[in-house]
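Let me begin by presenting the structure, written as structure tokens, before commenting on it.
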Amino acid sequence: MFDVQGDPRRAYLLRLSLREHPSAKKLRKHLLGITSQDISSDAAQLLGNLAKLINSRKILDMGWSCGYNPLILALVLPSDGKVIANVRAIEDVSYARNSWNEAGVERKIHVEEKTEEQTLDDLLSNGEAGTFDLISINMANQQNCRKCYEKCLRLLKSRGILAIDGVLCNGAVLKRNMEDEGVQGMHQMNEAILRDARVYLSVLPLGDGLMLCFKL
């Protein structure tokens, strides 16, 4: 939708819609200065709004936001709500912890430093199937994304929401000759979800493609 970074149309839309908590804004600006990772504040706010709408109490976040998304999600949860934040080994959330504490939500956020698959397997082994209101995931290991999708569905409650970020693979899924196995895996998962009668879905042009799956 926006061809260049800093497109004034995007800035206008963000000015009209983004209601960013001061601690979240401070964290995002800090992250912009130390990493090339794009922080999609509009996508994070959408997930927060959806979590609030369905009265979420338990959320699993496996994004790539260096602690920004868990903060946004924790802010909308009730006092006894919980965000399990899956953090990859190279993802630094040390600064984010200060922002979580500043916003008064640190006790709601439980960090798991594991791979996505290990986190999902452990949660299923612990009997937590069907207990999550919302799951947000950025498929780092695209070759195994179909397996991750199935495990996420098992963990979700009925009427829960699964948000999958990065389904466009920077446009690589559009190429006819997809030599990269990870891109092939993402493309195959996208096609499979389109035909999956267990969910309703919408794909939005936010970030690198945000797919929302609503479990029946």
Checklist entry - How much accessible area per residue does segment 45-103 have, in Å², with a 1.4 Å probe? => result 40
Item to check | Nitroxide proxy distance, nm - points 7 Å out along Cα→Cβ at Arg154 and Asn141 | outcome: 1.4
Checklist outcome for this item: Of every hundred units of 1.4 Å-probe accessible area on segment 135-216, the number belonging to carbon and sulfur atoms, as a percent, is 48
Item to check | Dipole magnitude (debye, nearest 20) for the chain, charges at Cβ of Lys, Arg, Asp, Glu | outcome: 780
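Using 0.36 nm times the number of residues separating Asn177 and Ser202, minus their current alpha carbon distance, what extension gain do you get?
6.4 nm
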Next on the checklist: Please list, in order, the residues from segment 68-85 whose amide nitrogen is less than 17 Å from a point placed 7 Å along the Cα→Cβ vector of Lys29.
Outcome noted: 68
Checklist outcome for this item: Sorting Asn144, Cys169, Leu201 by the position of each Cα along the dipole of the chain (Lys, Arg +1; Asp, Glu -1; all at Cβ), the one nearest the positive end of that ordering is Leu201
Checklist entry - By DSSP, what percent of the beta bridges with both residues in the chain are antiparallel, rounded to the nearest 5? => result 40
Next on the checklist: Debye calculation, C-alpha points only, no solvent: report log10 I(q)/I(0) for the chain at q = 0.09, 0.13, 0.18 Å⁻¹, in the same order as the q values.
Outcome noted: -0.34, -0.73, -1.45
Next on the checklist: Can you give me the accessible area per residue for segment 110-216, using a 1.4 Å probe, in Å²?
Outcome noted: 52
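The values are calculated or read from the model by the stated rules, or taken from the named source; none is laboratory data. Since the structure is predicted, the reported quantities are computational estimates derived from the model, not experimental observations. Cβ: placed from backbone, ideal geometry, glycine included. Neighbour counts: every protein chain shown. Calculation scope for accessible area: heavy atoms of the full protein, side chains included, ligands and nucleic acids excluded. Shrake-Rupley method; radii C 1.70, N 1.55, O 1.52, S 1.80 Å.
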